[in-house]
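A.B. asks: Please read through the structure below; I'll follow up with questions.
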There are 2 protein chains.
Amino acid sequence: METVKYKYAVIATDTIIFTLREQELKVLLIKMKKAPFQNCWAVPGGLVHGDESLGDAAKRNLYETTGVKDVYLEQLYTFGRVDRDPFGRVVSVSYFALIPSADIELKTTDAYESVRWFGVSRLPVLAYDHTEMISYALERLKAKLEYTNIAFSLLADEFTLGELQQCYEIILGRKLDKRNFRKKFLSLNLVTPTGRRRTGQAHRPAMLYHFSNRNYQVIQIL
Amino acid sequence: METVKYKYAVIATDTIIFTLREQELKVLLIKMKKAPFQNCWAVPGGLVHGDESLGDAAKRNLYETTGVKDVYLEQLYTFGRVDRDPFGRVVSVSYFALIPSADIELKTTDAYESVRWFGVSRLPVLAYDHTEMISYALERLKAKLEYTNIAFSLLADEFTLGELQQCYEIILGRKLDKRNFRKKFLSLNLVTPTGRRRTGQAHRPAMLYHFSNRNYQVIQIL
DNA sequence: CCAAAAGTGTTTGTGCTACACCCATGT
DNA sequence: ACATGGGTGTAGCACAAACACTTTTGG
């Protein structure tokens, strides 16, 4: 068998979409219709069109599966093992996206058998190398939580400090000290109170905050 | 003009190769023979073969241009702007490599007009988006220097603490305190003395060290 | 009145920073 | 002898970590 050189490859993007729901970090997965992974769960993705950049392809794909736009989206890693796709040579540029819990309105597209959120600790068996992709994304997410302000991309515009802390605790998988946590965010001026309060729960109403600066920043937090 | 969809793209890898020479951080560049960037300087790279993974392509390319193997090599970022290559749709997966000063034996391949080391602060105009690639690589290198042990990939097997410190100072672009620096590396047990000394210079001979653990580790250093 | 989360300061310890002098060698 | 980098310790300070009780609401 002759060695194949300079063969064309197909470029795809796959996007690991995270959100917080029911006190858990969730990933959006789709169930595939077509062979060779019929009825397998996978991360949503698709081929890159000839006239769009990689980031645009990821954005389009994200919009098509979730209906959301303007969310945090970052390139993660490019997977190019020769045999990663039984269909042929497909190189996949993976992205990860963070969407606020509020924005969830899953489009029931007919491109997929179904679409569902899965808690990251209870993932099904996945097609391709998607298990690896997700674990890579999780690693990156955990790391960036500690030295950037991306956590804000997972929360609604207004949130309580308790919700912010839960966000960290859920993703990092450990308890944090309430007083130190609040001290940190307040002293760094990352959040400012809106004056409103969250009422309606069976306990003392919490002050609502919004982030002082919506832009991505690199700041040592934990 | 019709929109082109699902067109095949070509995958290339480009590798930013760093080394320390003459008290400077240097990048290896090649001068291109072919149009449309004839006589332009660029980062070495090439198309990915049909039967090799992305990492393998980068390794092969690195070996072909420098003759070195088994050096630090890490995927950096994937560049996919539609018009980044006037030749057609080429998506480039960039890597960065660190090679010890000792290993330099530039092969004068005839695939390129010439091959040369450039100090990172004196780069020529580059082809494609290679200027962006290098600045991205530099950012990553600086960041990783502070929280991993990759610096060791730039040094010979045996080195003095002075050389290690210079490595940090050159790349980070700032002076570090000698006592604090040594304290750090010794207390973390990252280096162990070999018992040998570096002689032959017009000053007190320095103890030679080697790294205690050659494997990549994530450790807060600075 | 009870349950549940909100809100609030102080102390202790660790680790980073800053800093200056003598030593061993080659020329 | 002199120039050059090698090698060493300490004190102050800032920040991180640990820690418990009162308040406000809804049920």
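The values are calculated or read from the model by the stated rules, or taken from the named source; none is laboratory data. Quantities reported herein were computed from a predicted structural model and do not represent experimental measurements. Here the Cβ positions follow ideal geometry from the backbone for every residue, glycine too, while neighbour counts run over all protein chains shown. All accessible areas refer to the heavy atoms of the entire protein, side chains included, with ligands and DNA or RNA removed. Shrake-Rupley method; radii C 1.70, N 1.55, O 1.52, S 1.80 Å.
A.B. asks: Please compute how much accessible surface disappears when B pairs with A, both sides summed, using a 1.4 Å probe, and round it to the nearest 100 Å².
C.D. replies: It comes to approximately 2300 Å² buried between B and A.
A.B. asks: At 222 nm, what helix-only mean residue ellipticity would the protein assembly as shown give, in deg cm²/dmol to the nearest 500, using -39500 (n - 2.57) for each DSSP H run of four or more?
C.D. replies: Calculated from helices alone, the mean residue ellipticity at 222 nm is -7500 deg cm²/dmol.
A.B. asks: Mind grabbing the base-10 log of I(q)/I(0) for the range A:150-211 at q = 0.12, 0.18, 0.24 Å⁻¹? Debye formula, identical points on the C-alpha positions, no solvent, two decimal places.
C.D. replies: Result of the Debye calculation: -0.28, -0.65, -1.13.
A.B. asks: Please list, ordered by chain and number, the residues whose modelled amide H lies under 5 Å from the amide H of B:Ser94; skip anything fewer than 5 residues away on the same chain.
C.D. replies: B:Asp14, B:Leu76, B:Tyr77, B:Thr78, B:Phe79
A.B. asks: Note the distances from A:Glu105 to each other copy's matching label point, with points 7 Å along the Cα-to-beta-carbon direction, in nm, sorted shortest first.
C.D. replies: For A:Glu105, the inter-copy label distances come out at 6.5 nm.
A.B. asks: I've got another one for you. With the other protein chains left in place, how much accessible area per residue, in square angstrom, belongs to the protein assembly as shown at a 1.4 angstrom probe?
C.D. replies: Result: 52 Å² per residue.
A.B. asks: Search the structure for amide H atoms under 5 Å from the amide H of A:Leu25, placed 1.01 Å from N in the peptide plane, and list their residues when 5 or more places away or on another chain.
C.D. replies: So A:Leu25 has HN proximity to A:Val120.
A.B. asks: Tell me the distances, shortest first, between B:Gly67 and the same position across the other copies, using label points 7 Å along Cα→Cβ, in nm to one decimal.
C.D. replies: 6.3
A.B. asks: Another one. With each label point set 7 Å from Cα along the Cα-Cβ vector, what nm distance links A:Leu172 and B:Thr131?
C.D. replies: Here the answer is 4.0 nm between the modelled labels.
A.B. asks: Excluding same-chain residues fewer than 8 positions from B:Lys175, which lysines have a Cα within less than 30 Å of its Cα?
C.D. replies: Of all the lysines, those that pass the test against B:Lys175 - Cα under 30 Å, at least 8 places apart if same chain - are A:Lys144, A:Lys184, B:Lys26, B:Lys142, B:Lys144, B:Lys183, B:Lys184.
A.B. asks: At what distance in angstrom do the alpha carbon centres of the range B:161-222 and the range B:39-88 lie from each other?
C.D. replies: That distance is 32 Å.
A.B. asks: Give me the percent of DSSP beta bridges within the protein assembly as shown that run antiparallel, rounded to the nearest 5.
C.D. replies: Antiparallel: roughly 75 percent of the beta bridges in the protein assembly as shown.
A.B. asks: Which aspartates and glutamates have a Cα lying under 15 Å from the Cα of A:Lys178, excluding residues fewer than 8 positions away in the same chain?
C.D. replies: The reachable aspartates and glutamates, counting only those whose Cα sits under 15 Å from A:Lys178, are A:Glu163, A:Glu169.
A.B. asks: Once you put a point 7 Å from the Cα of A:Leu123 and another 7 Å from the Cα of B:Lys33, both along the Cβ direction, what distance in nm separates them?
C.D. replies: Once both label points are built, they end up 4.5 nm from each other.
A.B. asks: Just want the answer: with Cβ charges of +1 for Lys and Arg and -1 for Asp and Glu, which residue in A:Ser121, A:Ala143, A:Val82 is farthest toward the dipole's positive end in the range A:1-158?
C.D. replies: Toward the positive end, the furthest listed residue is A:Val82.
A.B. asks: Further question: Go from 0 up to the bin containing the longest alpha carbon distance in chain A, width 5 Å each, and give me the % of pairs per bin.
C.D. replies: Result returned by the calculation: 1, 6, 13, 17, 18, 14, 11, 8, 5, 3, 2, 1, 0, 0, 0.
A.B. asks: So, in nm, how far is label B:Lys107 from label A:Val218 when the simple model puts each one 7 Å beyond its Cα toward the Cβ?
C.D. replies: 3.5 nm
A.B. asks: Okay, next question. Provide the gained length on full extension for the span A:Glu64 to A:His210, in nm with one decimal, where the gain is 0.36 nm per separating residue minus the Cα-Cα distance.
C.D. replies: Gain in length upon complete extension: 49.7 nm.
A.B. asks: If the range A:1-120 were replaced by its equivalent ellipsoid, with semi-axes equal to the square roots of 5 times the Cα gyration tensor eigenvalues, what would those be, largest first, whole Å?
C.D. replies: For the range A:1-120, the ellipsoid semi-axes come out as 27, 16, 13 Å.
A.B. asks: Could you give, in nm with one decimal, how far A:Ala206 is from each other copy of that position, shortest first, with labels 7 Å out from Cα toward Cβ?
C.D. replies: With the label placed 7 Å along Cα→Cβ, A:Ala206 yields 5.2 nm.
A.B. asks: Another question, then. Can you work out ³J(HN,Hα) from phi for every residue in the range A:130-135, in order, using Karplus 6.51 cos²θ - 1.76 cosθ + 1.60 and θ = phi - 60°, giving whole Hz and x for Gly and Pro?
C.D. replies: Those phi angles translate into 6, 5, 4, 4, 5, 5 Hz.
A.B. asks: Give the residues of the range A:145-162 whose amide nitrogen is closer than 12 Å to a point set 7 Å from the Cα of A:Gln201 in the direction of its Cβ.
C.D. replies: So the set is A:159-162.
A.B. asks: Given H placed on each backbone N at 1.01 Å, which residues far from B:Val48 in sequence or on other chains put an amide H within less than 5 Å of it?
C.D. replies: Result for B:Val48 returns B:Ile11, B:Ala12, B:Thr13.
A.B. asks: Out of the total accessible area of chain A (probe 1.4 Å, heavy atoms of protein only), what percent is carbon and sulfur?
C.D. replies: On chain A, the fraction of accessible area on carbon and sulfur atoms equals 49 percent.
A.B. asks: Turning to a different aspect of this structure: Which percent, to the nearest 5, of DSSP beta bridges fully inside chain A are antiparallel?
C.D. replies: The answer is about 75 percent antiparallel.
A.B. asks: Is the shape of the protein assembly as shown best called rounded, prolate or oblate, per the rule: a/c under 1.5 gives rounded, else a/b larger than b/c gives prolate, else oblate, with a ≥ b ≥ c the square roots of the Cα gyration tensor eigenvalues?
C.D. replies: Verdict is oblate for the protein assembly as shown.
A.B. asks: Could I ask something else about it? Averaged across A:84-91, how many Cβ atoms of other chains sit within 10 Å of each residue's Cβ atom?
C.D. replies: 2
A.B. asks: Straight-line reach from A:Lys31: which aspartates and glutamates have Cα under 13 Å away, leaving out those fewer than 8 places along the same chain?
C.D. replies: A:Asp110, A:Glu113
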